[in-house]
Structure formats: C-alpha cells, structure tokens
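Enquirer: The following block contains the structure, expressed as structure tokens.
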Amino acid sequence: MKINLEDIKSINKNPIELFYDGLKASATKERYTRILRGILCNIFEDILTGSFEERATQFVKKAKSDPDWAMSLLLSLSKKLKQRTELPKEEPNYFNPSSFGNYFKPIKKLFDMNGVPVVWKRVYATFPEENNVNHGRGYTRDEIRTILSFAQGAIDRAIILTASSSGIREGGFMLRWKDLIPVYKIEDRIVLEITESQEPKAEIVCGILKIYEGSNVYYPAFITPEAYQSLQNLKTTWIMEMQREPKPTDPIFKKEGTVPIMLKPTAIKARIDKILKKSGFRKPLPKGQRRHEIPVMNGFRRFHNKTSKESLSKDSPLASLIKKEYIMGHTGLTKLDRNYFQSHVLELVEEYLNSVPYLTIDDSKELKLENKIKDETIKKKESENEFLVKEYGKRLSKSERIIKELKKRLDSLQS
C-alpha cells in the first residue's frame with residue numbers, strides 16, 4: 001500500500017465539506033448546519049462576507065492565521081448570549097442558559113474538522129450557570145391514549161406509537177423500511193428469522209428499529225407489537241399512495257404525494273404539535289412561561305424511560321438498568337459498560353419484553369398481553385409441578401424397590 005500526491009489532493013476539501021464529514025447522523029448534520037448558518041450569516045453578518053460556504057472558509061482561514069481574533073470573536077458571542085440570559089423571562093429576546101452550549105457545538109465541530117486550534121476551556125469558562133433548567137415530565141399512558149384519539153390517518157398513529165414504545169429521539173425518525181425488523185417467538189424461542197414453514201406458528205413479539213444506521217452512534221431500538229402493526233398499516237397506505245411496494249431504501253415516514261421524500265424530524269414534530277393543539281392538550285403558555293411542562297417529542301421518550309425502568313426484570317437490578325440504558329441509546333451507566341458489559345440484541349429483546357404490556361397504549365391489547373403472561377407463568381408452574389411429581393414418583397418407586405429387596409434379603413437371612 002502506497003500513498004501518492006493524488007491521494008493527498010483528494011482529501012483537501014473546503015472547510016464546510018470537512019465540517020459535513022464530521023457529522024454522521026443526518027439529524028445532527030441538519031441541526032448543526034442550521035445553527036452555524038445563523039451564526040455566520042446573521043450574527044457575524046458584518047464580520048464575514050459572501051455565501052454560507054464562503055463565510056465558513058473565511059472564518060476558518062482567519063482563525064488559523066490569527067487565533068487571538070478567533071478567541072475574541074467567540075468570547076464576544078458568549079458575552080452577547082449571556083446578556084440575553086439575564087433578561088426577564090417574559091422578554092422576547094430572553095435566552096435559556098441550558099441552550100447556551102448549542103451555539104458553540106457547530107463552531108467547535110467546524111474548527112476541529114479543519115484543524116483550528118482553540119483553547120475551548122477559556123470559552124466554556126464564560127458560560128452562565130444553568131439555573132433555568134425546565135423540570136418537565138413525560139406523557140402518561142392515559143394522555144398518550146387521548147392524543148392518539150385525535151390522530152389523523154395511519155402516519156400520525158404510527159408516529160405516536162413508535163415514539164412512545166421506542167423512546168427514540170426526534171432525529172431517530174429518519175427511518176427506511178430496511179431499518180424495521182420483526183422479532184418472532186416460536187414455542188419458547190425468540191428468533192429474528194423464520195422459515196416459511198414456521199410462519200403459521202410464529203408470533204411477532206416486538207420490532208427492532210435500526211436507529212442512525214451506518215453511523216458511529218447506531219443502536220437498536222424496540223417497538224411493541226402494537227406499534228409494529230401500526231407501521232404495517234402505514235405500509236398499506238404507503239403502497240396505495242405510491243402504487244407499488246416500498247423498496248428497502250425508501251423512507252417509512254414520507255411526505256404526501258407520489259415521490260418518496262423523507263419526512264424531516266421537524267415536520268414530524270410539527271404534526272404531533274398540531275395534534276396536541278387540536279386535542280386541547282397543548283394550550284397557549286401563560287405570560288412569562290416559555291416552555292410547556294411536557295416537550296412535544298421528548299415527552300414520549302420520558303414516558304418510555306420511566307415505564308421501562310419501573311418494569312420488573314429477571315436480571316439483577318444493575319444488569320437490568322444497564323440494558324435499559326442501551327435500549328434508550330445511551331452508553332450504559334458508565335463509559336466502560338459498552339466495553340465490559342456487552343449484550344447481544346436478543347438479550348436486549350428479552351429485557352424489552354418485560355416492558356411491552358406497560359408500553360402498550362390500547363387497553364384491550366395491554367390486558368391481552370398481561371393475561372398471556374399470566375397464562376405462560378401458570379403453564380410454567382404447572383410444568384414444574386408436574387416434573388416434581390414425576391420425579392418424586394420415580395424416587396418413591398425406587399425407594400419401594402430398595403425396601404422390597406432389603407426385606408427379601410432379611411427374610412433369606414432369617415430362614
């Protein structure tokens with residue numbers, strides 16, 4: 001293997017291309033680009049010139065040649081934002097301290113990917129304390145049931161049930177049909193694949209969603225049979241609208257029309273927000289209050305997190321908690337868990353199945369699942385009891401034979 005001059009030239013991209021190279025998840029790329037564009041084209045409007053790409057190039061070149069200039073600019077940005085955090089909350093320009101770092105993450109990514117040296121500790125030291133953290137909560141199951149009653153069409157229902165049963169983030173909805181995998185139960189075995197002959201006996205116990213597939217932040221999320229069925233119903237309307245079966249690379253959630261264009265996370269959030277307002281669940285905020293108690297999409301994630309962690313598990317409490325963190329897309333309880341506490345996807349399925357009855361929104365389906373679990377528990381106990389009775393019978397018969405043999409020997413000795 002050799003590296004030539006052409007190889008070196010091929011990686012000499014412009015600053016914004018290198019910036020994009022460092023962003024694997026499409027949702028993160030979209031958010032970082034939006035924020036960076038606002039900073040370079042609006043906040044730094046009088047400092048840089050040209051298009052967004054040209055401004056990014058100027059910013060990087062100037063920062064490399066004059067690090068003090070770059071530091072002064074970053075500290076000025078921090079100062080201006082900090083002044084907004086000190087305004088009364090009812091002011092339109094008030095800025096929540098908890099969102100402060102979001103303005104600097106895209107700049108740091110741009111500089112890191114272009115080799116711009118910055119002493120970030122000095123910048124971070126100017127950040128205000130997060131004294132305005134919103135102590136919100138997640139939806140309750142009754143609230144989700146109410147929201148679901150106002151859903152329009154298969155797509156809204158699928159979004160709500162997928163969000164509540166999987167707990168995925170807003171950006172995780174950029175899914176394609178190849179990212180959906182059913183999980184089956186055949187007799188007492190959980191499997192990911194079945195043969196044609198096994199299909200009549202197979203039962204779908206949950207589904208797997210491949211979140212951020214192809215990126216370094218990929219993880220498997222799980223959905224209930226109820227949510228999986230809602231996606232199959234969406235698939236039916238998808239086929240009717242497109243007049244064909246979806247390809248594996250086609251988006252699950254798409255815009256209306258005969259062109260399969262991915263529905264962006266912001267559009268998905270807007271759909272749910274519209275349902276919340278229509279249901280009367282999300283009313284105008286009182287004066288001085290800037291955030292609702294329950295976040296539009298993150299409220300489903302909080303519901304999932306709380307519900308799953310309240311579910312019992314056959315594992316030890318610590319092992320169960322680590323697996324539940326994996327299911328949420330977290331690294332575990334510590335950074336070392338990913339290296340030293342590795343779990344196969346089927347182990348995570350087993351853990352998730354404990355929460356399925358409580359993550360199921362439909363009352364009748366929940367009751368059916370609970371009854372099924374009770375029936376399986378009873379059958380297991382009956383099977384165990386039957387085994388013990390047979391085992392006791394075998395031992396009793398053996399003991400009787402031994403007694404008879406000993407009696408024969410005793411009789412022969414006495415005679």
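Enquirer: Could you check the stretch 37-51 and list, in sequence order, the residues that are assigned to a helix (DSSP H, G or I) and of a type in the set (A, V, I, L, M, F, W, C)?
Expert: Across the stretch 37-51, the qualifying residues are Ile39, Leu40, Cys41, Ile43.
Enquirer: For the stretch 261-318, how many residues meet the condition of being aliphatic (A, V, I, L, M), more than 30 Å from Val349 (Cβ to Cβ) and surrounded by fewer than 17 Cβ atoms within 10 Å (Cβ to Cβ)?
Expert: The total comes to 4.
Matching residues to (1) touching a Ser or Thr at 6+ places or on another chain (Cβ under 6 Å); (2) at pLDDT 90 or above:
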| position | (1), (2) |
| --- | --- |
| Glu91 | no, no |
| Tyr94 | no, no |
| Phe104 | no, yes |
| Lys108 | no, yes |
| Val116 | no, yes |
| Tyr124 | no, yes |
| Pro128 | yes, no |
| Asn132 | no, no |
| Tyr139 | no, yes |
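Enquirer: Moving on. Please go through the stretch 243-266 and give me each residue that is in a helix (DSSP H, G or I) and modelled with pLDDT of 95 or more, ordered by number.
Expert: Correct list: empty.
Enquirer: Would you please list the contacts, defined by Cβ atoms under 6 Å and residues six or more apart or on different chains, that run from a residue in the stretch 170-186 that is closer than 14 Å to Pro248 by Cβ and in the same structural domain as Ser197 (by TED's automatic domain parsing) to a residue that is at pLDDT below 95 and among the acidic types (Asp, Glu)?
Expert: Asp179/Glu213
For every residue, the table says whether it meets (1) under 30 Å from the mean Cα position of the chain (by Cα); (2) surrounded by 13 or more Cβ atoms within 10 Å (Cβ to Cβ).
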residue: Asp66; (1), (2): no, no
residue: Ala70; (1), (2): no, yes
residue: Thr85; (1), (2): no, yes
residue: Asn93; (1), (2): no, no
residue: Asn96; (1), (2): yes, yes
residue: Lys108; (1), (2): yes, yes
residue: Phe111; (1), (2): yes, yes
residue: Val116; (1), (2): no, yes
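Enquirer: Sticking with this one: Which one of these is of a type in the set (Ser, Thr, Tyr), surrounded by fewer than 20 Cβ atoms within 10 Å (Cβ to Cβ) and closer than 14 Å to Phe303 by Cα: Thr146, Thr162, Thr140?
Expert: Values: Thr146 fails: closer than 14 Å to Phe303 by Cα; Thr162 fails: surrounded by fewer than 20 Cβ atoms within 10 Å (Cβ to Cβ).
Being of a type in the set (Ser, Thr, Tyr), surrounded by fewer than 20 Cβ atoms within 10 Å (Cβ to Cβ) and closer than 14 Å to Phe303 by Cα holds for just one of Thr146, Thr162, Thr140, which is Thr140.
Enquirer: Please go through the stretch 74-128 and pick out each residue that is hydrophobic (A, V, I, L, M, F, W, C) and part of a helix (DSSP H, G or I).
Expert: Within the stretch 74-128, Leu74, Leu75, Leu77, Leu81, Phe100, Ile107, Leu110, Phe111, Met113, Trp120, Val123 meet the criteria.
Enquirer: While we're looking at this one, here's another question. Would you point out which residue out of Tyr392, Tyr326 is part of a helix (DSSP H, G or I), modelled with pLDDT under 65 and over 13 Å from Ser165 (Cβ atoms)?
Expert: Working: Tyr326 fails: modelled with pLDDT under 65.
Every option except Tyr392 fails the conditions.
Enquirer: Please identify the pairs in which a residue from the stretch 96-124 that is touching a residue at least 12 places away in the same chain (Cβ under 8 Å) has its Cβ atom under 9 Å from the Cβ atom of a residue that is of a type in the set (Val, Ile, Thr) and assigned to a loop (DSSP other than H, G, I, E, B), counting only partners at least 6 apart or on another chain.
Expert: Asn96/Val133; Pro97/Val133; Ser98/Val133; Ile107/Val118; Lys108/Val118; Leu110/Val116; Phe111/Val118; Asp112/Val118
Enquirer: Still on this structure: Got at least one residue in the stretch 204-215 being at pLDDT below 95, closer than 28 Å to Ile275 by Cα and of a type in the set (Gly, Ala, Ser)?
Expert: The answer is no; no qualifying residue exists.
Enquirer: Go through the stretch 219-253 and give me each residue that's surrounded by fewer than 19 Cβ atoms within 10 Å (Cβ to Cβ) and either of a type in the set (D, E, K, R) or free of Cβ contacts under 8 Å to residues at least 60 places away in the same chain (or both).
Expert: Selection gives Gln229, Gln232, Lys235, Ile239, Met240, Glu241, Met242, Gln243, Arg244, Glu245, Lys247, Asp250.
Enquirer: Residues that are closer than 30 Å to Arg282 by Cα: find the strands (runs of 3 or more DSSP E) completely inside the stretch 147-233 holding 3 or more of those.
Expert: Values: elements: 180-186, 189-191, 203-211, 219-223.
Fully inside the stretch 147-233 and qualifying: 219-223.
Enquirer: Another question about this same structure. Out of all the residues in the stretch 343-359, is one or more at pLDDT below 90, in the same structural domain as Thr162 (by TED's automatic domain parsing) and surrounded by fewer than 16 Cβ atoms within 10 Å (Cβ to Cβ)?
Expert: Yes; the residues of the stretch 343-359 include at least one that is at pLDDT below 90, in the same structural domain as Thr162 (by TED's automatic domain parsing) and surrounded by fewer than 16 Cβ atoms within 10 Å (Cβ to Cβ).
The values are calculated or read from the model by the stated rules, or taken from the named source; none is laboratory data. Bear in mind the structure is a predicted one, so any value in this text is a computation, not a measurement. So basically every Cβ, Gly included, is an ideal-geometry build from the backbone, and we count neighbours across all protein chains shown.
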